[in-house]
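Where a number appears in this text, it was derived from the coordinates with a stated rule and is not lab data. Please read all numbers here as calculations on a predicted model, not as lab measurements. Cβ placement follows ideal geometry from the backbone for every residue including glycine, while neighbour counts extend to all protein chains displayed.
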Amino acid sequence: MRTREIHVEEISKILGLSYSGNNEKINGLVKLVHSDSEADSLITFCGNELILPEILLNQKIKAIIIRDVIYQTNRTIPANMSVIISDSPMESFYFLHQYLYEKTDFYNEYDFVKEIGVNCSIHPSAIIEDGVKIGDNVKIGPFSFIGKGTEIGNDCIIDANTVIGSGGFEIKVINKIPKSVHHAGGVRIGNNVEIGAGCVIDKAMFGGSTIIGGNTKIDNLVQIAHNCTLGKDVLICANAQVSGSVTIGDRCYLAPSVSIRDQVNIVRDAFIGIGAVVTKHILEPGTYIGIPARRIKKRLSGGGW
């Protein structure tokens, strides 16, 4: 939960825009693909009326930045919902996020001195920022970086030159200039996780965490982007790339050089063969190979559990 709240009236002043409806108290930002926010009073944006019904289904969303033409032609928006009118809702939304990150304490939940458990082995060249929690019996190798907002469980191994808690790659045009969007969330790693050398795991964007489930093993040179959720007992081989907001179920296996596009969900016990490119949800356990990945009846030998 956020340690600071902001009213819609104050948001409208930051944006220089008018609002109608309730002057709701907001404690989190969310866009549709990140709708699992831990905050309970959210603001989002809508620039396309096709997604409005899905937004309205989320009971946590109390305020919306929306184009006037969509607002005027849709009577499904509750009268008490806070509505901010903008010609460019997405730009206004990300301007607000950047402003809150840079000029307020809205995103200050990780402002604490780092906490490191007992019997840990951390190489002198590793950098551990404040706002990090590390459990017991954790080993962190040379030249690794553990960023603010990261929580590492017990009995974990982080190998050399690995970055945990990097800012994700999200570029938005704000005031006609492409800008990297600040990432204000964290990374949460379960117990008995091993992460190889040269890996990068991005933190979540608006809050909450990119999640790596317990007993998961990650090989060298793997990238896991922002807002991903990996289940327990997942195996990921070298050079795999997992794009943003992907969910991977328990006991999945990703062979070398697998690529997964953003916002894809993969059911538990899926085996993804070498070099496969996953472009759609995988809803049935089994073996998947190829570009794009497709299910085959026979399970490939090697790898997995």
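Points worth noting:
- Filtering segment 236-267 to residues that are over 15 Å from Val193 (Cβ atoms) and of a type in the set (D, E, K, R) leaves Arg261, Asp262.
Here's the yes/no breakdown for (1) closer than 21 Å to Ile6 by Cβ; (2) in contact with a Phe, Trp or Tyr (Cβ under 9 Å, 6 or more places away or on another chain); (3) surrounded by 12 or more Cβ atoms within 10 Å (Cβ to Cβ); (4) in contact (Cβ under 8 Å) with a residue 60 or more places away in the chain:
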| residue | (1), (2), (3), (4) |
| --- | --- |
| Asn80 | yes, no, no, no |
| Asp87 | no, no, no, no |
| Phe93 | yes, yes, yes, yes |
| Gln98 | yes, no, yes, yes |
| Lys103 | yes, no, no, no |
| Glu115 | no, no, yes, no |
| Val118 | no, no, no, no |
| Ser121 | no, no, no, no |
| Pro124 | no, no, no, no |
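- Subset of segment 277-291 [under 23 Å from the mean Cα position of the chain (by Cα) and among the hydrophobic types (A, V, I, L, M, F, W, C)]: Val277, Val278, Ile282, Leu283
- Pairs meeting the criteria (first residue in segment 253-277 and over 15 Å from Pro292 (Cβ atoms), second residue of a type in the set (Asp, Glu) and part of a loop (DSSP other than H, G, I, E, B), beta carbons under 8 Å, at least 6 apart or on different chains) are Pro256/Asp219; Val267/Glu284; Arg268/Asp250; Asp269/Asp250.
- Criterion (part of a strand (DSSP E or B) and surrounded by fewer than 24 Cβ atoms within 10 Å (Cβ to Cβ)) met by exactly one of Ile201, Ile211: Ile211
- Listing of strands (runs of 3 or more DSSP E) fully contained in segment 245-296 that carry 1 or more residues being more than 18 Å from Leu230 (Cα to Cα): 286-289, 294-296
- Considering segment 230-244, and only residues there that are within 15 Å of Val278 (Cβ to Cβ) and assigned to a strand (DSSP E or B), the residue that is farthest from the chain's Cα centre (by Cα) turns out to be Ile236.
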